[in-house]
Amino acid sequence: MKKIIIINGPNLNILGKREPEIYGNLTFNEFLEQLQKKYPNIIIDYFQSNVEGEIINKLQDVGFSYGGIILNAAAYTHTSVGIGDTVKAIATPVVEVHISNTYAREDFRHNSFIAPNAKGLILGFGLQSYELALQSFLF
Ligand code: DQA
């Protein structure tokens with residue numbers, strides 16, 4: 001069975017409570033449960049951390065064995081050379097995902113240290129961005 005992991009960065013553990021006008025009302029666990037039910041033939045693992053180094057450790061752990069990584073590094077997208085380097089170093093393809101359209105927001109959200117080494121980017125479709133990223137690993 002194909003193994004995919006969703007890795008979420010800082011503040012994505014409080015989805016549902018956090019700025020619902022931008023990020024919606026659903027918690028990530030509620031969304032994940034629905035996604036796992038809808039795609040029973042794929043193993044969809046999940047990891048979230050507010051700590052930059054923990055995200056790097058997880059990327060290294062899965063980055064030579066999994067079929068795909070769906071990465072929403074949240075604010076670290078725009079700041080972390082370290083996470084960008086890891087995405088470059090690992091063998092598993094990474095799809096960069098954002099809930100909001102970061103290009104329609106503040107200028108500091110327009111830079112991504114992940115994008116240059118990502119397989120592709122999906123952003124601006126709410127939590128559905130994650131499902132679209134998942135589908136990209138199915139063909
Ligand atoms: C985000 C966009 C980032 O700019 C922001 O820092 C986040 C969430 C998104 O999913 O829209 O925390 O990655």
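Every number here is computed from the coordinates shown, using simple stated rules; none is lab data. As the structure is a computational prediction, the values presented were derived from the model and not from experiment. Using ideal geometry, Cβ is built from the backbone for each residue, glycine included, and neighbour counts are taken over all protein chains shown.
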- Item | Exposure proxy order (Cβ contacts within 10 Å, fewest to most) of Arg18, Arg109 | Arg18, Arg109
- Item | Contour minus Cα-Cα distance for Asn57 and Lys2 (0.36 nm per residue) | 17.7 nm
- Only Lys, Arg (+1) and Asp, Glu (-1) charged, at Cβ; the stretch 2-136 dipole about Cα centre in debye: 320
- Message: For the stretch 114-139 and the stretch 1-79, what is the centre-to-centre distance using only Cα atoms, to the nearest Å?
- Response: 12
- Subtracting the Cα-Cα distance from 0.36 nm times the residue separation, let me have the gained length for Phe125 to Gln34 in nm, one decimal. 31.1 nm
- Taking a 18 Å limit on the Cα-Cα distance, which of the listed pairs Lys3/Lys88; Lys17/Lys58; Lys2/Lys38; Lys2/Lys88; Lys38/Lys58 fall beyond it? Lys3/Lys88; Lys17/Lys58; Lys2/Lys88; Lys38/Lys58
- Query: Mind ordering 43-54, 64-75 by average Cβ neighbours within 10 Å, highest first?
  - Reply: 64-75, 43-54
- Message: I'd like the FRET efficiency for Asn41 and Arg18, computed as 1/(1 + (r/R0)^6) with the beta carbon distance as r and R0 of 41 Å, rounded to 0.05.
- Response: 0.85
- Treat the stretch 44-139 as a sphere of radius equal to its Kirkwood radius over Cα pairs and apply Stokes-Einstein at 10 °C in a medium of 1.306 mPa s; give the translational diffusion coefficient in µm²/s, rounded to a whole number. 119
- Item | Cα gyration tensor shape of the stretch 36-81, rounded if a/c is under 1.5, else prolate or oblate by comparing a/b with b/c | prolate
- For the chain, what is the calculated [θ] at 222 nm in deg cm²/dmol (nearest 500), taking -39500 (n - 2.57) for each run of four or more DSSP H residues and dividing by its residue count? -9000 deg cm²/dmol
- Note the full-extension length gain between Phe64 and Thr27 as 0.36 nm times their separation in residues minus their Cα-Cα distance, in nm to one decimal. 10.4 nm
- Task: Counting only C-alpha contacts under 8 Å and six or more residues apart, can you give the relative contact order of the chain as a whole percent?
- Result: 25
